[in-house]
1. Restricting to the stretch 45-62, give me the number of residues that are surrounded by 15 or more Cβ atoms within 10 Å (Cβ to Cβ) and over 24 Å from residue 98 (Cβ atoms).
2. Can you name the residue in the stretch 217-238 that is under 19 Å from residue 180 (Cβ atoms) and in contact (Cβ under 8 Å) with a residue 40 or more places away in the chain and, of all such residues, is surrounded by the most Cβ atoms within 10 Å (Cβ to Cβ)?
3. Give all pairs with beta carbons closer than 8 Å in which a residue from the stretch 158-176 that is at positive phi meets a residue that is part of a loop (DSSP other than H, G, I, E, B) and surrounded by 12 or more Cβ atoms within 10 Å (Cβ to Cβ); count only pairs at least 6 apart in sequence or on separate chains.
4. Is at least one residue of the stretch 118-137 in contact (Cβ under 8 Å) with a residue 40 or more places away in the chain, over 30 Å from residue 175 (Cβ atoms) and in contact with a strand residue (DSSP E or B) (Cβ under 8 Å, 6 or more places away or on another chain)?
5. Taking the conditions exactly as written (modelled with pLDDT under 95 and either under 23 Å from residue 143 (Cβ atoms) or not in a loop (DSSP other than H, G, I, E, B) (or both)), does residue 10 satisfy them or not?
6. With (1) within 28 Å of residue 206 (Cα to Cα); (2) surrounded by fewer than 21 Cβ atoms within 10 Å (Cβ to Cβ); (3) at pLDDT 95 or above; (4) more than 17 Å from the chain's Cα centre (by Cα) as the list, and residue 32 as the residue in question, which single condition is left unmet?
């Protein structure tokens, strides 16, 4: 399968700087042939879509790419069809999925990315590349038609993964929640993508980048932790 994906846990680094930590990875993915990228801001809820696009345009411009918002297109499907690269921002995953479903864009995006168009997504934009959004951390502020997502990868992603558990907090940890997920969805693997980490996927090769480890949850197996440089290509097996 043709795939050129860059999936980021977050748009900001530990100091809150927007997309700086991923600039080299973005440049490596898009290369010299891409000049214009199509930005999809639909996950934004408390930020207007045009303001979101303006914010995202700044770091892309510094890398030499012109960012155009799908919100400015008279026909969103045509904009995806002609896009040189697709960038999907973070926010609320339910809002993102519901909007893509409502505007009949899921299949259009899926077809273009499978044809080799580069895809960059952070947070919700990364989660939605999985078969479903069932492992998002977000509140279901809207109800999509279903939880089925783009299915560009065969495993689930939990963005912003953390092992933190505040003292006195009696709720489940993130790991416990994901263990519940694989207990019910027994044939599905889930990768926890920590802050500052990203996945770069070229065809059937996948590389983990960043300083932290990435846990993988699978029913009937102990939680495994992987670091940058480890072979995690098994995640792309159907």
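1. 3
2. 217
3. Short answer, once both residue conditions are applied: 160/9; 160/10; 160/123; 160/137; 160/195.
4. yes
5. So residue 10 fails the test.
6. (3)
Matching residues to (1) out of contact with any strand residue (DSSP E or B) (no Cβ under 7 Å at 6 or more places or on another chain); (2) over 25 Å from residue 116 (Cβ atoms):
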position: 186; (1), (2): yes, yes
position: 195; (1), (2): no, yes
position: 206; (1), (2): no, no
position: 214; (1), (2): no, yes
position: 218; (1), (2): yes, yes
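So that you can scan it fast, the table gives a plain yes or no per residue for (1) free of Cβ contacts under 8 Å to residues at least 40 places away in the same chain; (2) farther than 21 Å from residue 150 by Cβ:
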{"residue": "4", "(1), (2)": "no, no"}
{"residue": "8", "(1), (2)": "no, no"}
{"residue": "12", "(1), (2)": "yes, yes"}
{"residue": "24", "(1), (2)": "yes, yes"}
{"residue": "27", "(1), (2)": "yes, yes"}
{"residue": "40", "(1), (2)": "no, no"}
{"residue": "44", "(1), (2)": "no, no"}
{"residue": "50", "(1), (2)": "yes, yes"}
{"residue": "53", "(1), (2)": "yes, no"}
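The values are calculated or read from the model by the stated rules, or taken from the named source; none is laboratory data. Since we're looking at a predicted model, the values are computed, not measured. Note: ideal-geometry Cβ built from the backbone for every residue, glycine included; neighbour counts use all protein chains shown.
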